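Each value in this text was obtained by applying a stated rule to the coordinates, not by laboratory testing. The structure displayed is predicted, hence computed values, not measured ones. Note: ideal-geometry Cβ built from the backbone for every residue, glycine included; neighbour counts use all protein chains shown.
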Amino acid sequence: MDLSFIIVNYNTSLLVENCINSLLKNKTLEEIKFEIVVVDNGSIDNSVPFLIEKYKTLKNIKIIDSKKNNGFGKGNNIGVSNSSGKFICCINSDTISQNTDYPKMLSYFKNQEIGILGAKVLNKDNSIQSLGFNKPSIKNDFLLSFLFWNFNFMKKIRYHKYKNKGLINVDWVSGCFFLIRKSTFEEVKGFDEKIFMYSEDLDLSVRVENVGLKNYVLDTTDIYHLHGGSTNNKKPNLQKMLKEKKNYFYVIKKNKLANTLELCLIKFFTKIHIFILYILKNTVRKIKVEN
């Protein structure tokens with residue numbers, strides 16, 4: 001087996017179906033022996049029987065019912081442990097990958113220094129969503145918190161005249177989509193299962209670098225990510241928003257990405273950002289309700 005796709009599902013059966021169908025329609029995969037491993041995290045939307053029935057005739061699609069919500073990282077770890085590909089592709093359920101050039105991506109792994117390889121991640125309107133990220137720092141987190149550096153409206157400005165560069169060395173590859181050698185994934189012991197969701201991709205990227213490898217994004221091929229499609233759009237919850245960032249601080253401290261003072265400043269920036277975001281989201285929501 002050349003390539004194993006790992007999809008973690010939690011109540012997103014229709015998104016998973018669209019994701020799988022986009023892979024099955026991808027003509028570049030015709031020359032690759034691949035499998036698709038779906039790990040269901042205890043969905044209550046009838047995902048497991050739906051997906052089993054939908055793909056029962058395809059031997060290269062496995063549906064694993066884990067019976068409980070293990071979180072994103074552990075779900076992927078379960079998928080990898082049940083895979084047989086030389087390479088792993090962790091891919092979100094809310095992605096469309098019909099035109100991603102997999103042979104081209106795999107060919108870059110001839111370069112032995114490559115650890116994780118991502119692609120250009122696009123929004124539905126073809127604007128750039130991600131070309132990888134920088135590690136946490138006072139400068140980077142100031143940009144994220146006060147200039148909304150990773151928000152789509154700002155990225156449309158930042159990438160307005162972007163021209164492809166080919167292979168780009170980055171600190172941190174988006175967890176919504178990336179390729180990695182299975183041997184590398186196992187060497188770093190996969191995702192940290194203490195992290196239920198969010199920032200596990202930062203942690204994995206750092207640990208891959210720690211074993212002497214580098215992380216890259218290949219911007220000459222792409223994938224669509226329907227950002228937020230795999231999470232529920234509910235009324236903003238301040239406590240939940242603050243709690244979600246605890247994993248980010250955990251990863252920074254665990255991997256010694258900042259000293260005590262730097263971490264305090266990063267926490268301060270982040271909390272101010274969350275309060276601003278909470279107010280903005282509530283304001284927009286009220287306007288929509290009133291209209």
message = Given an 8 Å cut-off on Cα distances and at least 6 residues of separation, report the relative contact order of the stretch 3-232 as a percent.
response = 28 percent
query = Which of the pairs 25/56; 189/240; 214/240; 139/256; 25/194 have their Cα atoms more than 24 Å apart in this structure?
reply = 189/240; 214/240; 25/194
ask   = Just how large is the dipole of the stretch 145-246 about the Cα centre, in debye to the nearest 20, putting +1 at every Lys and Arg Cβ and -1 at every Asp and Glu Cβ?
value = 540 debye
task = Return the calculated 222 nm mean residue ellipticity for the chain, to the nearest 500 deg cm²/dmol, obtained by summing -39500 (n - 2.57) across DSSP H runs with n ≥ 4 and dividing by the residue count.
result = -12000 deg cm²/dmol
message = Between residue 17 and residue 279, what is 0.36 nm times their sequence separation minus the Cα-Cα distance? Round to one decimal in nm.
response = 90.8 nm
task = With label points built 7 Å along Cα→Cβ from the Cα atoms of residue 107 and residue 169, find their separation and express it in nm.
result = 2.3 nm
key: Around residue 58: net Lys/Arg minus Asp/Glu count, Cβ-Cβ under 14 Å   = +3
query = To the nearest 20 debye, what charge dipole does the stretch 6-97 have about its Cα centre, counting +1 at the Cβ of each Lys and Arg and -1 at the Cβ of each Asp and Glu?
reply = 240 debye
Computed E for residue 249/residue 151 - FRET, C-beta separation, R0 25 angstrom, nearest 0.05 = 0.75
request  = For the chain, give the share of DSSP beta bridges that are antiparallel, in percent and rounded to the nearest 5; count only bridges with both residues there.
outcome  = 40 percent
remark   = At R0 = 30 Å the Cβ-Cβ FRET efficiency linking residue 137 and residue 197, nearest 0.05, sits at 0.80
query = Given (i) 32, 22, 17; (ii) 29, 23, 20; (iii) 35, 21, 17, which label gives semi-axes √(5λ) of the Cα gyration tensor in Å as computed from the coordinates?
reply = (ii)
inquiry  = What is the distance in Å between the Cα centroid of the stretch 91-107 and that of the stretch 108-130?
reply    = 9 Å
ask   = Hey, rough spin-label estimate for residue 288 and residue 68, points 7 angstrom out along Cα→Cβ, what's it come to in nanometres?
value = 3.4 nm
ask   = residue 237 to residue 272: extension gain in nm, 0.36 nm per residue of separation minus the Cα-Cα distance?
value = 11.1 nm
ask   = Based on Cβ point charges of +1 for Lys and Arg and -1 for Asp and Glu, what charge dipole magnitude is obtained for the stretch 3-232 about its Cα centre, in debye rounded to the nearest 20?
value = 480 debye
ask   = In degrees, nearest 10, range 0 to 90: what is the angle between the Cα axis of helix 13-24 and the longest Cα principal axis of the chain?
value = 60 degrees
inquiry  = Which one, 173, 117, 152, is farthest towards the positive end of the dipole of the stretch 98-212 when Lys and Arg carry +1 and Asp and Glu -1 on their Cβ?
reply    = 152
remark   = Once the dipole of the chain is set up from charges on Cβ (+1 Lys and Arg, -1 Asp and Glu), the residue from the list 42, 9, 269 lying farthest towards its positive end is 269
